[in-house]
Each structure stands twice: as C-alpha cells, then as structure tokens.
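Taking it in order: structure first as structure tokens, then the write-up.
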Amino acid sequence: MTGLQTPPQDIIRGVRPAQRAVNATLQSDGVRLVLDAVSEDEETDLLALVDEGRWDRSLSRRVQHYGHRFAYSTKTCVPVAEPPPPAFIRLAERIRPVCWGADGGRDGDLQCTVNEYLPGQGISPHIDAHGAFGDGLVAVTLGAGCAIRLQRNRRHEAGAPIHTLWLPPRSALVLSGAARYVYTHGIVSRKGDLVDGEWRLRGRRVSLTFRRLPPPGPCACSFPESCDASGTAPKLLPTRLRGSAGGAEPRGCDAKKTVCASRVNIPGRGRTPIKSGAVAPPL
C-alpha cells in the first residue's frame with residue numbers, strides 16, 4: 001500500500017527530491033506531463049483489462065506487448081499477434097494531439113508496451129532505439145505513482161543535470177524532440193520516493209507506453225550524437241545479450257536470464273551493471 005512515511009536518514013540520503021512540475025528546461029526540450037489523462041473509472045477498467053492479458057515474465061518485471069515488440073538483437077520492431085485493444089487505441093487517439101499532432105502517425109503503426117513495476121523495481125537509464133520508434137512517446141501511469149529520472153545523454157552534453165519528476169497516478173508523460181531522442185529516462189530501483197519533503201512508499205504501478213513506428217528510411221532525427229541508427233552513438237545491446245551466441249534475444253516466458261533494473265544476472269558471471277544510455281527494455 002502506498003503512503004507517507006518518515007524513514008531513517010540513511011535511506012533518503014542522496015535521494016533526489018521529485019518535482020511535481022515540469023521545469024522550463026524540460027519543457028523546452030519536449031517534456032510534457034498531462035495530469036488526469038484518464039479518469040478513476042477508466043483507470044480501473046484499464047487495469048482490469050491489463051490483468052486479463054498474457055504476461056511475459058522473461059524480465060525481472062512483467063510486461064505485455066501489443067502491435068509490435070522490440071527485438072533486442074536487431075534493435076527494430078517486429079509484429080506480434082495481439083493488436084492494441086480498442087481501449088488502448090481510444091486512449092492513444094485522445095493523447096495524439098499532445099504528442100504526435102492531429103495528423104501524426106499512420107494507420108497500424110501504434111505500438112504499446114505494458115510494464116508492471118512493483119515496489120523496489122525500476123529500469124536503468126536509456127534512450128529508446130532511434131531506428132525502432134518514431135518521435136514521441138507517451139507513458140500513462142496507472143495504480144501508484146513514482147519518480148522518473150531524466151538526463152541529457154552524456155555523449156551529447158557532458159555533465160548534464162539530472163531531473164527527477166513525479167508521475168502521479170492517471171498522468172501521461174510525453175517525450176518528444178530532444179526529450180525523446182537525447183534524454184535518457186529511467187526509474188531508480190527502490191521502494192519509495194521523496195516528494196514534497198515526505199517519503200512516499202511505492203505501490204504497484206502499471207505503465208502503458210505508446211509509441212509509433214518510424215517512417216521508412218534512415219532515421220531523420222537531428223541528434224547524431226545520440227542516434228544509434230544513422231548517427232555516431234554506439235549500437236549497444238543490453239548487457240545480458242553481449243557475448244551470447246548470435247546475440248539471441250529473450251524468447252517469451254521461457255527465457256532463462258533475469259534482468260534487474262540496474263544489474264543483470266548472467267550465469268557464471270554474477271551481476272553486471274548496465275551502462276547508462278544503453279538500450280534497455282522500453283519504459
């Protein structure tokens with residue numbers, strides 16, 4: 001259960017307070033936070049719909065993919081059998097003007113990843129592969145809120161400040177332009193967040209992340225330092241795949257490797273850190 005708590009100082013020492021408002025720097029770089037993007041009733045219905053779906057348990061957290069999934073070995077999207085449910089499509093269409101514009105996107109190019117984050121779970125800082133997804137992504141928070149970490153890619157700006165933003169329940173985080181192509185985004189693995197000077201315990205958070213496939217051809221972004229498709233950024237595989245035979249990717253619920261938010265278990269090698277900015281399972 002979520003709630004406010006006053007923890008020992010050694011727990012919150014070094015924890016960055018989460019801001020409720022998007023500051024001017026983030027706004028200018030394409031970060032938007034839409035409050036009450038869904039109603040409480042809609043949230044309940046969406047969570048029920050998600051819980052009826054088939055979970056992929058190959059990661060440390062449960063995920064679902066609709067329309068397409070990210071192929072880690074090729075850093076592209078491949079089709080999956082399950083199309084986005086009508087309720088997902090309606091929600092994406094409602095958010096379309098904020099993220100993709102009234103005419104943005106093409107029929108059939110919508111991709112949705114559902115992530116379940118339990119207290120203590122997170123995801124390492126990463127930029128979604130440029131060649132796999134187009135400009136603009138939307139992450140809708142259902143259930144409990146949490147803090148997200150945003151920072152310009154160090155290859156693009158050395159010493160860039162870290163921004164910590166609070167994502168309240170039923171909100172929609174929109175990343176476009178530099179925020180999508182240059183900023184890393186991630187969630188620190190811990191069981192609470194510092195908000196308004198109080199330690200807020202995390203609960204179960206379900207994220208509906210909507211993306212659109214890129215148009216045909218090479219990546220047309222304006223950020224070559226961060227582009228892993230046609231720019232100078234390294235094409236890094238997730239740590240758990242480096243050195244594996246053929247770079248094979250996880251295969252559904254039977255995958256044997258377990259990925260943590262900032263570390264990964266590789267048989268015989270112990271825990272290995274995932275480098276900031278590497279490709280990780282999408283948010």
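The values are calculated or read from the model by the stated rules, or taken from the named source; none is laboratory data. The structure presented is a predicted model; accordingly, all values stated were derived computationally and were not measured. FYI the Cβ positions are ideal-geometry reconstructions off the backbone, even for glycines, and counts take in every protein chain you see.
Please go through segment 144-159 and give me each residue that is of a type outside the set (Lys, Arg) and modelled with pLDDT under 95, ordered by number. If you could, list the steps in order and put the result at the bottom.
Going through segment 144-159, the residues of a type outside the set (Lys, Arg) turn out to be 144-148, 150-151, 153, 156-159.
Selection gives Asn153, His156, Glu157, Ala158, Gly159.
Answer with yes or no whether Cys112 is touching a helix residue (DSSP H, G or I) at 6+ places or on another chain (Cβ under 8 Å) and assigned to a strand (DSSP E or B).
Criteria met by Cys112.
I need the full set of residues from segment 39-92 which are in contact with a Gly (Cβ under 7 Å, 6 or more places away or on another chain) and over 27 Å from Gly131 (Cα atoms), in order please.
Leu47
I'd like the residue in segment 36-87 that is among the polar types (S, T, N, Q) and touching a residue at least 40 places away in the same chain (Cβ under 8 Å) and, out of all such residues, is nearest to Cys227 (Cα to Cα).
Looking at residues that are among the polar types (S, T, N, Q) and touching a residue at least 40 places away in the same chain (Cβ under 8 Å), I get Thr76.
Going through segment 165-205 one residue at a time, which ones are part of a strand (DSSP E or B), surrounded by fewer than 21 Cβ atoms within 10 Å (Cβ to Cβ) and in contact with a helix residue (DSSP H, G or I) (Cβ under 7 Å, 6 or more places away or on another chain)?
Leu194, Trp199
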